[in-house]
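Notes follow once the structure below has been shown.
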Amino acid sequence: MRSLTFVFILLAVAVHGATAVRPVVDLILTNAHVVTLNDQREQFVPGCVVIRGSTLVAVGPAALADGYTAHRTIDVGGDLVMPGMVNTHTHAPMTVFRGLGDDVPDRLRRFIFPLEKALVNRDLVRWGGLHGMIEMIEGGVTTMANMYYFENEVGRAARQIGLRAIVGQTVVNFPAPDSPEPYGGIALARQLVAEFKDDPLVTAAFAPHAPYTVDAAHLRDIARLSAELNAPVMIHLAEMTEEMTSIRRDHAMTPIEYLDSLGLLNRRLIAAHCIFVTDTDISLLKERDVGVAHAMVANIKSAKGVAPALKMFNQGLRIGLATDGPMSGNTLDIIGQLGYVAKVHKLDNKDRNVMPALHVVEMATRGGARALHLEDRIGSLEPGKLADLIVIDTSGTHLTPLYDVYSALVYAANPRDVRTTIIHGRIVMEDRRLLTVDAAEVKARVRALARTISDSVAAGIK
């Protein structure tokens, strides 16, 4: 009888022990104001976020944390925890040229193209790219869509620093810095796709510069290769008045209709700018499931116009926010774009009620994910999605008091409020300290490049 009692005691202890065992995870953020941006726009105060590997395991009330054992727990002290920002169109290596050619007429052909022809090389792209990525991470950007030359260097740099990226190899109809032959970028893009196949962070893309710098035959080739390789395509589209005039003259179509006739207007396309679009164009973009990159600050700085992003958003298009390159919008953070997007669209529509703060924050996060066709993986904080998130410090004078999170982010926050950036479950910046590359070394390299660039500009850019 005693032995039987002892067995029952052992069984009871075993059962109790089994129920007490908690799943082991890598990281828990606690004491957080969690802004999920999920379909229900849920917020949890206080809340927690639970991460295992690259994935979000649980998001919800603070009590959820009690169900897990974590290798590390971070008490964020009531700060905001939200999805990372998505920069849907940029040229990160051009940080080395930032501040040059501002306010110059016809800057693209008179200044930028000659500058790139004379100076862009593999070394410049690597260090300029890393420099731009540091700025993005410091400003809460966790995913970028980048278009430039030597794009394999950009992809490798993104992998090193830990930034999620779509990297697009530029294709143009003239000799480029990385190709002595016109259209050599197509072959380089194919190599890029092969190099980053199945990479967890980096996706390779074709990047024909624009409808006016790539002819119809090569645009058709890119459409075919994109389908064969299931690779995205990035392009500047409906951005220039000259572009509109020439395509209407030569093809009796809008640029949107022209790309559709070539087979490029589809779910693999990310179209930057789309300033000059008709209602028919907007319907076509939606029907073809195209992603749109809205670069408000760059567009108004260049006085090109205001894209009808409000109409696109309201009609359910895949539209996200973009900085464009650092020679166009000058900064690479998305937080700095938010207030412009809200205010300029209010002014443009003569209606203070349009483009409310919630919608602007959505465009910066889940909207950007949708524009890149990544909404099943990023853009909101939900179990099963990738752990791309940021912590926003709310202790600043400009964020005190904090009544409405979305209003504070759009109208008061700045990129230096980003305290911690986590991408693919990895802490890449913590308490404003970059953990994956030596930021001081990158800055020193960029300063050295700037001296060479200054000498070349002074000499007239040969």
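The values are calculated or read from the model by the stated rules, or taken from the named source; none is laboratory data. Small disclaimer: the values here were computed from a predicted structure and weren't measured. Reconstructed Cβ throughout: ideal geometry from the backbone, glycine too, with neighbour counts over all protein chains shown.
For the reader, a short list of remarks on this structure follows.
- Residue within the stretch 300-314 that is modelled with pLDDT under 95 and in contact with a Gly (Cβ under 8 Å, 6 or more places away or on another chain) present: yes
- Residue match in the stretch 184-199 (condition: buried (at least 20 other Cβ atoms within 10 Å of the Cβ), in contact (Cβ under 8 Å) with a residue 12 or more places away in the chain and farther than 27 Å from S261 by Cβ): yes
- Against the conditions (1) under 29 Å from D221 (Cβ atoms); (2) within 23 Å of the chain's Cα centre (by Cα); (3) touching a residue at least 60 places away in the same chain (Cβ under 8 Å), P177 satisfies every one except (2).
- Among residues of the stretch 263-277, those that are among the small types (G, A, S) and surrounded by fewer than 22 Cβ atoms within 10 Å (Cβ to Cβ), counted: 1
- Residue satisfying condition, being among the basic types (K, R), assigned by TED's automatic domain parsing to the domain that holds S302 and under 22 Å from A157 (Cα atoms), within set R190, R248: R190
- Count of residues meeting criterion [outside any loop (DSSP other than H, G, I, E, B) and within 17 Å of T436 (Cβ to Cβ)] in the stretch 129-156: 18
- T241 vs. criteria in contact (Cβ under 8 Å) with a residue 12 or more places away in the chain, closer than 23 Å to F206 by Cα and of a type outside the set (F, W, Y): no
- Single residue of the stretch 377-429 satisfying the filter (among the small types (G, A, S) and free of Cβ contacts under 8 Å to residues at least 24 places away in the same chain) that is surrounded by the fewest Cβ atoms within 10 Å (Cβ to Cβ): G396
- The set of residues from the stretch 44-63 being assigned to a strand (DSSP E or B) and touching a residue at least 60 places away in the same chain (Cβ under 8 Å) comprises V49, I51, R52, T55, L56, V57, A58, V59.
- Qualifying residues in the stretch 240-262 (those that are in contact with a helix residue (DSSP H, G or I) (Cβ under 8 Å, 6 or more places away or on another chain) and within 22 Å of Y148 (Cα to Cα)) - the one surrounded by the most Cβ atoms within 10 Å (Cβ to Cβ): L259
- Against the test of being under 30 Å from L409 (Cα atoms) and in a helix (DSSP H, G or I), the options R159, R224 yield a single qualifying residue, R159.
- Scanning the stretch 328-347 for residues that are farther than 29 Å from N266 by Cα, of a type outside the set (S, T, Y) and assigned to a loop (DSSP other than H, G, I, E, B) turns up just one, N330.
- Residue check for V297: in the same structural domain as G329 (by TED's automatic domain parsing), crowded, with 17+ Cβ neighbours inside 10 Å, closer than 15 Å to D324 by Cα and among the β-branched types (V, I, T): yes
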